[in-house]
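Read-outs: derived from the displayed coordinates by stated rules, not from any lab. Nothing here was measured: the structure is a model prediction, and the numbers come from that model. All Cβ positions, glycine included, derive from the backbone under ideal geometry; neighbour counts span all protein chains shown.
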Amino acid sequence: MEVVELPEETPVNRSSFTVNDLDIEILPLIYEIIRSVEKDPYDTTQKVKESQDTSQKILELQKKLDSARSQIKRLPGIEYSKEEQLEKLETLRKQLRLKRELLFKYRNMSHNEKLIAKMADSRPIRRAAQFVVYILTRGNPGNKLPGNREEFITQIKNIANKYANDMKKKLENTKK
C-alpha cells in the first residue's frame, strides 16, 4: 500500500478552513469498488483487468481517505476533546444568554422613570449637561440656547466640526 505524505498545516490555515471546505466524496469510489468486485467475468484476461481496476480504485479510495484525514485535522477546534468542546459550547451559550439579557435591559432602560431620574441627578450627567450648555452659550452671540431640536443638532454639529478642524490644525502645526 502506498503512503501519501501530506504537508503540515499551519495555524493560519486551520482558522480559515471550515466544514464546508471539506472534500470528502468517498461513496462513489466505494460503489465502484463493490460493483467491480461483484462482476464475475468468464474470461481470465478480463478477470486480470478487472482485478487491476479494482486495485486501482482501492488505491484511489486510500488516497481519498488520507486526504480526508488531513482535511479534518485542519478544522478549528479539532484539538479539543469532546468534553472540552461541550464545555466551550456551554460557555458560549451562557455568554449569549447574558448578552441577550443585557440587550433587553438596555432596550427597556428608557421606560424606567426611576432610573432616568436617578441618572439625571447623578454628578457625571449633571456635569456633562453643564458642559454642553457652556459650549452652546459660549459659541452663541446672544447667549441663548437654540429654540428647537433641529437648531440644537445643527449647532452641536457645527461646534464638533469646528473643534475637529482646530485639532487638525494644531496637529499639523506640531508636525512642522
Checklist entry - Which of (i) 73, 24, 16; (ii) 32, 24, 15; (iii) 30, 22, 17 is the computed semi-axes √(5λ) of the Cα gyration tensor in Å for the structure on display? => result (i)
Item to check | Simple spin-label estimate for Lys176 and Ile116 in nanometres, 7 Å along Cα-Cβ | outcome: 5.0
Checklist outcome for this item: Per the charge dipole of segment 11-79 (beta-carbon charges, Lys/Arg positive, Asp/Glu negative, Cα centre), the residue among Ser51, Ile72, Ile34 reaching farthest to the positive end is Ile72
Checklist entry - Distance in nm between label sites at Leu98 and Ile159, each 7 Å beyond Cα in the beta-carbon direction? => result 3.8
Checklist entry - Between Leu61, Met109, Ser122, whose Cα lies farthest towards the positive end of the dipole of segment 50-128 when Lys and Arg beta carbons carry +1 and Asp and Glu beta carbons carry -1, centred on the Cα centre? => result Ser122
Checklist outcome for this item: Counting Lys and Arg as +1 and Asp and Glu as -1 over every other residue whose Cβ sits under 13 Å from the Cβ of Asn161, the net charge comes to +3
Next on the checklist: Rounded to whole Å, give me the distance from the Cα center of segment 20-46 to that of segment 118-132.
Outcome noted: 78
Checklist entry - About the Cα centre of the chain, what is the dipole size in debye to 20, counting +1 per Lys and Arg Cβ and -1 per Asp and Glu Cβ, all else neutral? => result 2560
Checklist entry - Size of the dipole of segment 11-79 about the Cα centre, Lys and Arg at +1 and Asp and Glu at -1 on the beta carbon, nothing else charged, in debye to 20? => result 240
Checklist outcome for this item: Candidates Asp166, Asp121, Asp23; GNM for the chain (alpha-carbon contacts under 10 Å) flags as most fluctuating Asp166
Checklist entry - What is the magnitude of the charge dipole of segment 37-134 about its Cα centre, with +1 placed on the Cβ of each Lys and Arg, -1 on the Cβ of each Asp and Glu, and no other charges, expressed in debye to the nearest 20? => result 1120
Item to check | Normalised contact order of segment 11-79, rounded percent, pairs of Cα under 8 Å and 6 or more residues apart | outcome: 57
